[in-house]
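Quick notes on the structure that follows.
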Amino acid sequence: MSATLLDGKKLAAEMRAEIARQVADLKADRGVTPGLGVILIGTDPASTSYVTAKERACEEAGMFSLDVRVPAETTQEEALALVCRMNDDPRVHGILVQLPLPRHIDEAAVINAIAPEKDVDGFTPVNVGRMMIGETCFLPCTPHGIIQMLLKTGVQTAGQHAVVIGRSNIVGKPVAHLLMRKAEGGNATVTVCHTGTRDLATHTRQADILVVAAGRPGTVTGSMIKPGAVVIDVGVNRIPDASKKNGFRLVGDVDAASVSEVASLLTPVPGGVGPMTITMLLANTLEAARRL
Ligand code: NAD
């Protein structure tokens, strides 16, 4: 078998065109331009490229984008003040603080400072709590993007066995929750694997849907896959590559060559989950502006 590649770029482009239409309607009907405020602390190359891509997508969708980039030496108090200023800025409906933050800044304190009604990343405890108990909230962008991808490609989740590798607050835990919740794109039986899991392959071989968010290339190979499984590769890893102009190439967490021999569907890296994440950020920002 050779897996079909699940084209996140194409799907994201279709969804972004629809978001742009809705942004234009909101402007015409209520004179409101959805605005995203982005805070980048430091100059980490991956973070800088993510933030640039998010801002570009925002502008392409007709949204306002407020870009605040400050040096890595920024203090915790200054970081909190930046968030507070955006909380009070009526042009900004959604706030994104690019993670990870420099080590001297308490990430939780900064996230907690974001007004829940502007928390379009869905990371504040208020949003996470609302998600867990099934109240209206902003769903975190990467997990939500994964569910949308499954829905829009007609992958059945109900009654399926989904295995998630990773237990981070950003990907692993929320995607496991969304897959198991009683809702469209959910109703799966979910197993969560992590660094404390014994014999990872025993679990992955039982997965009808496998979501891999380990942050390590080659975590999953073809022999660890159930024939015909749907594999969502969330990982984004930079591998040195002298043949590339920038000196690296991006790979996911799965060994795409061997996994695609066994799986039925596989998300490529790049061009899979990444574009969907940004799309869900735009969708949440539009929703935040609408809720005003
Ligand atoms: P993280 O480092 O916070 O978490 C990784 C998790 O994987 C941990 O919970 C750990 O227990 C688990 N893990 C690691 N190695 C394992 C192994 N061998 N066996 C079992 N479990 C293992 O990372 P994260 O923030 O969740 O991100 C995961 C990956 O997804 C990264 O590569 C990141 O760059 C990528 N990512 C991509 C997007 C996107 O939009 N495409 C968004 C967020 C994160």
Out of GLY145, GLY166, which single residue is of a type in the set (Gly, Ala, Ser), closer than 18 Å to ALA207 by Cα, within 11 Å of the ligand (Cβ to nearest atom) and not assigned by TED's automatic domain parsing to the domain that holds LYS54?
GLY166
Can you find a residue that is under 18 Å from GLY172 (Cβ atoms) and in contact with a His (Cβ under 7 Å, 6 or more places away or on another chain) anywhere in the range 101-124?
no
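Being under 25 Å from VAL83 (Cβ atoms) and either outside any helix (DSSP H, G or I) or modelled with pLDDT under 95 (or both), is that true of even one residue in the range 143-159?
Of the residues in the range 143-159, the ones under 25 Å from VAL83 (Cβ atoms) are 143-145.
Subsequent filtering for residues that are either outside any helix (DSSP H, G or I) or modelled with pLDDT under 95 (or both) retains none.
No.
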Filter result for the condition that a residue is of a type outside the set (Phe, Trp, Tyr) and more than 16 Å from the ligand (Cβ to nearest atom), over LEU281, LEU286, LEU250, LEU266:
LEU286
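Can you tell me which residue in the range 179-221 is farthest from the ligand (Cβ to nearest atom), limited to those that are within 15 Å of the chain's Cα centre (by Cα), buried (at least 20 other Cβ atoms within 10 Å of the Cβ) and touching a residue at least 40 places away in the same chain (Cβ under 8 Å)? Reasoning before the result, please.
Kept after step one, since they are within 15 Å of the chain's Cα centre (by Cα), are these residues of the range 179-221: 179, 211-215.
Subsequent filtering for residues that are buried (at least 20 other Cβ atoms within 10 Å of the Cβ) retains 179, 211-214.
Going one step further and asking which of them are touching a residue at least 40 places away in the same chain (Cβ under 8 Å), we end up with 211-214.
Details: VAL211: 10, VAL212: 8, ALA213: 4, ALA214: 4 Å.
Once the filter is applied, the top-ranked residue is VAL211.
Residue check: is THR277 in contact with a Cys (Cβ under 7 Å, 6 or more places away or on another chain) and within 22 Å of VAL163 (Cα to Cα)?
yes
If you go through the range 232-288, how many residues are hydrophobic (A, V, I, L, M, F, W, C) and over 18 Å from the mean Cα position of the chain (by Cα)? I'd like the intermediate steps shown before the answer.
Start the filter on the range 232-288 by keeping residues that are hydrophobic (A, V, I, L, M, F, W, C), which leaves 232, 234, 236, 239, 242, 248, 250-251, 254, 256-257, 259, 262-263, 265-266, 269, 273, 276, 278, 280-283, 286, 288.
Filter again for over 18 Å from the mean Cα position of the chain (by Cα), leaving 239, 242, 248, 256-257, 259, 262-263, 265.
The number of residues fulfilling the criteria is 9.
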Pairs under 8 Å by beta carbon, first residue farther than 30 Å from ILE147 by Cα in the range 232-247, partner acidic (Asp, Glu) and near the ligand (Cβ under 9 Å from one of its atoms), six or more apart or different chains?
none
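The values are calculated or read from the model by the stated rules, or taken from the named source; none is laboratory data. Computed from a predicted model, the values in this text were never measured in an experiment. All Cβ positions, glycine included, derive from the backbone under ideal geometry; neighbour counts span all protein chains shown.
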